Amino acid sequence: MSLPVRLDEDGAAAPPRENGELAFGAPWESRLFGLTMALVEGGQLDWETFRGRLIAHIADWEARGRDETWDYWQRWREAFEDSLAIAGLVDQQEMDRLVRRLARRPHGHDHPHDHHHDHTSERAANTAGEIDE
């Protein structure tokens, strides 16, 4: 794979790797990475701005006393959201709404299958008025 930028290989901004390859623990992580790279390659996001935001979010996590489990891709997500807002691609209110909406989707919602997912919790959220689409 040829990336539009050179990723850090060590230090705080270096993404997790296994056997020299980028490591993703969940499909959303690799999709977010791919989307970030596509926007950088398409000139919609500035890599150095994004990288600076990533480093800042990592530093923020460290400054909070590490009160939550370390998750590199969560810091990447935070930097991505900031970068979209800075680039004027999505405003923060819209981003928050989309994140809430996507977070409610059931695990495995986007895989091809012949079985039915239980959407009980989604229906309950709709009933409770939590969905603000």
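Listed values, structure above:
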item	result
Verdict on Trp61 being aromatic (Phe, Trp, Tyr) and in a loop (DSSP other than H, G, I, E, B)	no
Gln93 being in a helix (DSSP H, G or I), surrounded by 13 or more Cβ atoms within 10 Å (Cβ to Cβ) and either of a type in the set (Phe, Trp, Tyr) or out of contact with any strand residue (DSSP E or B) (no Cβ under 6 Å at 6 or more places or on another chain) (or both)	no
Where His57 falls short, out of the listed (1) crowded, with 16+ Cβ neighbours inside 10 Å; (2) touching a Leu at 6+ places or on another chain (Cβ under 9 Å)	(2)
Only listed residue being at positive phi and free of Cβ contacts under 8 Å to residues at least 40 places away in the same chain, chosen from Gly11, Gly42	Gly11
Qualifying residue in segment 5-28 (condition: within 27 Å of Arg105 (Cα to Cα), in a helix (DSSP H, G or I) and not basic (Lys, Arg))	yes
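One line per residue, one yes/no per condition, for (1) in contact with a Leu (Cβ under 8 Å, 6 or more places away or on another chain); (2) surrounded by fewer than 16 Cβ atoms within 10 Å (Cβ to Cβ); (3) at pLDDT 90 or above:
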residue	(1), (2), (3)
Val5	no, yes, no
Pro15	yes, no, yes
Phe24	no, no, yes
Val40	no, no, yes
Trp61	no, no, yes
Glu68	no, yes, no
Arg101	no, yes, no
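The values are calculated or read from the model by the stated rules, or taken from the named source; none is laboratory data. Just so we're clear, the structure is a prediction, and the values are computed from it rather than from any experiment. Using ideal geometry, Cβ is built from the backbone for each residue, glycine included, and neighbour counts are taken over all protein chains shown.
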